[in-house]
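Structure first, commentary second.
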Amino acid sequence: MRASLKIFTWLGIPVYLHWSFALILLFPAFTFVSSGFSWQDTALHLAILISLFTCVLLHEYGHAIMARRFGVSTRDIILTPIGGIARLERMPERPVQEILVAIAGPLVNVVIAALLLLGSKLLLQPEYWDLFVLGIEDAWSSLLNYFNFFGEPIETAGVLEGDAEIDMPFLPSFAFTLIILNAMLVIFNMVPAFPMDGGRVFRALVALRAGRVRATRIAASVGQIVAGFFLFLGIFQGPPSLMLIGVFIFITARSENAMVQMDDLLSRFTARDLVRRNFSRFNTHDWMQMAIDSLPHGLERNFLVFDLDDRLAGMLEEQSILQAARNQDRSAAVAKYMEDVPVIPLNTPLQHVYQLIRQHGNGILAVSDEYSVVGVIDEEGLMYFLRLQSGNAGKSNRFSLRR
Ligand SMILES: [Zn+2]
């Protein structure tokens, strides 16, 4: 994982910090300066920050451990300033399993908050406990006020705003802050929009009736409505960061939809449907000059290479040809710049073709029947085929997932 720092491996899952995580340290640094260089305030905020990200990490482990129960492993967990990502190898196929995996994360935060509440109830003196309850009521009222556009604002006891909280010693006020933060994590994650867990739960619920492809389309539309609502809130109620979240949700909903629709499209075809049967070929003994000359003349950019007995020997990719041109290596034999070429049978599913070309970066594939090479598939052909099939032949780069 580029630009990330591995901090440890737990339960067989490596945990990484994304480089931008360093930005988080601006927060206690800001506290330090704005509190007049008070070490206590800075320490409290740093402790809260570390605990918060521990809760986020446990949330991600919730997803990972539930996924493991269904035989899905987790590549890694990455912590970024805006939250954690557990990168599962794949999503479980069955909607019920997807719901359980999605809900396991927020459930961890519910358990943490409940344990903290229980501990506080048992350990705190009654007057602090009363303050606790008041504070939670206040937090709930402020949340409701947020969505209260027309009515009178709900009165709060003012516990969160200040005076009362100061009377609480370090540990209770630390516990209180953590309870509120975990509750916020649950509420935020259950928003029914990708990439939030609530979006996955919603999609899986719809998929029980409508099938995964249609469910994703519906969930993406709902996600975009939610995104619009966040945008609206961000503009008129604040904080402005909600606008950013709105834009983020909007983009994610779109790309999740495009990905699932494309998966569905790919699953309906095989290599037979897009194999190109007339193609230029080179011989291992040809000069590179011939390949260099051929580039400006045709649409083909990658070529198959055959030996003197007309057996497939490899492929010559565009970048190798350009390399030879740059090196003035025009009299070299094609064999020098040739690489191994994947050979696939005609009945290869298009998903696999897509992986070989887009993810593994092969410029061209040789397609064979049971006797010999019958044609090729290259990246241009694959992309054009996909655009054609999705009814977007005119638009370029509809599927622009980079390899
Ligand atoms: Zn989650």
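The values are calculated or read from the model by the stated rules, or taken from the named source; none is laboratory data. Please read these numbers as outputs of a predicted model, since none were measured by experiment. Every residue, glycine as well, gets a Cβ built from its backbone with ideal geometry; the counts of neighbours run over all protein chains shown.
Give segment 248-279 a look and list any residue that's part of a helix (DSSP H, G or I) and of a type in the set (S, T, N, Q), or say none.
Of the residues in segment 248-279, the ones part of a helix (DSSP H, G or I) are 248-266, 271-273.
Within segment 248-279, T252, S255, N257, Q261 meet the criteria.
Just to confirm my filter: which helices (runs of 4 or more DSSP H) fall fully inside segment 280-346 and include at least 3 residues that are closer than 20 Å to I377 by Cα? Steps first, please.
Values: elements: 288-294, 318-326, 334-337.
Where helices (runs of 4 or more DSSP H) fall fully within segment 280-346 and carry at least 3 residues being closer than 20 Å to I377 by Cα, they are 318-326.
Checking the structure you have, find out if any residue of segment 85-95 is within 11 Å of the ligand (Cβ to nearest atom) and in contact with a Gly (Cβ under 7 Å, 6 or more places away or on another chain).
no
Has segment 54-67 got any residue that is away from the ligand (no atom under 16 Å from the Cβ) and touching a residue at least 24 places away in the same chain (Cβ under 8 Å)? It would help to see each step written out before you state the result.
Just the residues of segment 54-67 that are away from the ligand (no atom under 16 Å from the Cβ), to begin with: none.
Checked segment 54-67: no residue is away from the ligand (no atom under 16 Å from the Cβ) and touching a residue at least 24 places away in the same chain (Cβ under 8 Å).
Could you tell me whether any residue of segment 273-291 is more than 24 Å from V353 (Cβ to Cβ), among the acidic types (D, E) and surrounded by fewer than 15 Cβ atoms within 10 Å (Cβ to Cβ)?
no
Give me a count of the residues in segment 57-74 that are surrounded by fewer than 19 Cβ atoms within 10 Å (Cβ to Cβ) and either of a type in the set (G, A, S) or part of a helix (DSSP H, G or I) (or both).
7
Within segment 244-264, is even one residue within 16 Å of the ligand (Cβ to nearest atom), surrounded by fewer than 18 Cβ atoms within 10 Å (Cβ to Cβ), among the hydrophobic types (A, V, I, L, M, F, W, C) and not assigned by TED's automatic domain parsing to the domain that holds I82?
yes
Given the criteria within 16 Å of the ligand (Cβ to nearest atom), without any contact (Cβ under 8 Å) to a residue 60 or more places away in the chain, assigned to a helix (DSSP H, G or I) and not assigned by TED's automatic domain parsing to the domain that holds A64, does G234 qualify? Steps first, answer last, please.
Details: within 16 Å of the ligand (Cβ to nearest atom): no; without any contact (Cβ under 8 Å) to a residue 60 or more places away in the chain: yes; assigned to a helix (DSSP H, G or I): yes; not assigned by TED's automatic domain parsing to the domain that holds A64: yes.
For G234, the condition - within 16 Å of the ligand (Cβ to nearest atom), without any contact (Cβ under 8 Å) to a residue 60 or more places away in the chain, assigned to a helix (DSSP H, G or I) and not assigned by TED's automatic domain parsing to the domain that holds A64 - is not met.
Given (1) hydrophobic (A, V, I, L, M, F, W, C); (2) under 19 Å from A139 (Cβ atoms); (3) more than 16 Å from the ligand (Cβ to nearest atom), where does A215 come up short, assuming only one miss?
Only one criterion is unmet by A215, namely (2).
List pairs: first residue in segment 260-284 and closer than 19 Å to G211 by Cα, second residue in a loop (DSSP other than H, G, I, E, B) anywhere in the structure, Cβ distance under 8 angstrom, at least six positions apart or on different chains.
Q261/S390; M262/S390; M262/F399; L265/S390
Looking at this structure, is P28 surrounded by 14 or more Cβ atoms within 10 Å (Cβ to Cβ), without any contact (Cβ under 8 Å) to a residue 60 or more places away in the chain and in contact with a helix residue (DSSP H, G or I) (Cβ under 6 Å, 6 or more places away or on another chain)?
Numbers: surrounded by 14 or more Cβ atoms within 10 Å (Cβ to Cβ): yes; without any contact (Cβ under 8 Å) to a residue 60 or more places away in the chain: yes; in contact with a helix residue (DSSP H, G or I) (Cβ under 6 Å, 6 or more places away or on another chain): yes.
The answer is yes for P28.
Can you run down the residue pairs with Cβ atoms below 8 Å, 6 or more apart or on separate chains, where the first is in segment 79-91 and of a type in the set (D, E) and the partner is assigned to a strand (DSSP E or B) and away from the ligand (no atom under 13 Å from the Cβ)?
E89/R75
Give me the residue from segment 333-362 that is under 14 Å from E318 (Cα atoms), touching a Leu at 6+ places or on another chain (Cβ under 9 Å) and of a type outside the set (A, V, I, L, M, F, W, C) and, out of that set, modelled with the lowest pLDDT.
N362
Which residues, counting only those in segment 75-84, are within 12 Å of the ligand (Cβ to nearest atom) and crowded, with 17+ Cβ neighbours inside 10 Å? Outline the logic, then answer.
Pass one, segment 75-84, residues within 12 Å of the ligand (Cβ to nearest atom): 77, 83-84.
Scanning segment 75-84 gives I77, G84.
V96: over 17 Å from P195 (Cβ atoms), without any contact (Cβ under 8 Å) to a residue 60 or more places away in the chain and either assigned to a helix (DSSP H, G or I) or within 21 Å of the chain's Cα centre (by Cα) (or both), yes or no?
Numbers: over 17 Å from P195 (Cβ atoms): yes; without any contact (Cβ under 8 Å) to a residue 60 or more places away in the chain: no; either assigned to a helix (DSSP H, G or I) or within 21 Å of the chain's Cα centre (by Cα) (or both): yes.
No.
Condition check: more than 26 Å from A86 (Cα to Cα) and basic (K, R). Does R217 satisfy that?
On the way: more than 26 Å from A86 (Cα to Cα): no; basic (K, R): yes.
Judged against the criteria, R217 is not a match.
So if I check each of A86, A64, which one is within 29 Å of I249 (Cα to Cα), out of contact with any helix residue (DSSP H, G or I) (no Cβ under 8 Å at 6 or more places or on another chain) and hydrophobic (A, V, I, L, M, F, W, C)? I'd like the intermediate steps shown before the answer.
Values: A86 fails: out of contact with any helix residue (DSSP H, G or I) (no Cβ under 8 Å at 6 or more places or on another chain).
Only one candidate passes the filter, namely A64.
Any idea which of S51, S20 is under 24 Å from A175 (Cβ atoms) and not assigned by TED's automatic domain parsing to the domain that holds I249? Break it down into steps so the answer makes sense when it comes.
Values: S20 fails: under 24 Å from A175 (Cβ atoms).
Going through S51, S20 in turn, just one is under 24 Å from A175 (Cβ atoms) and not assigned by TED's automatic domain parsing to the domain that holds I249: S51.
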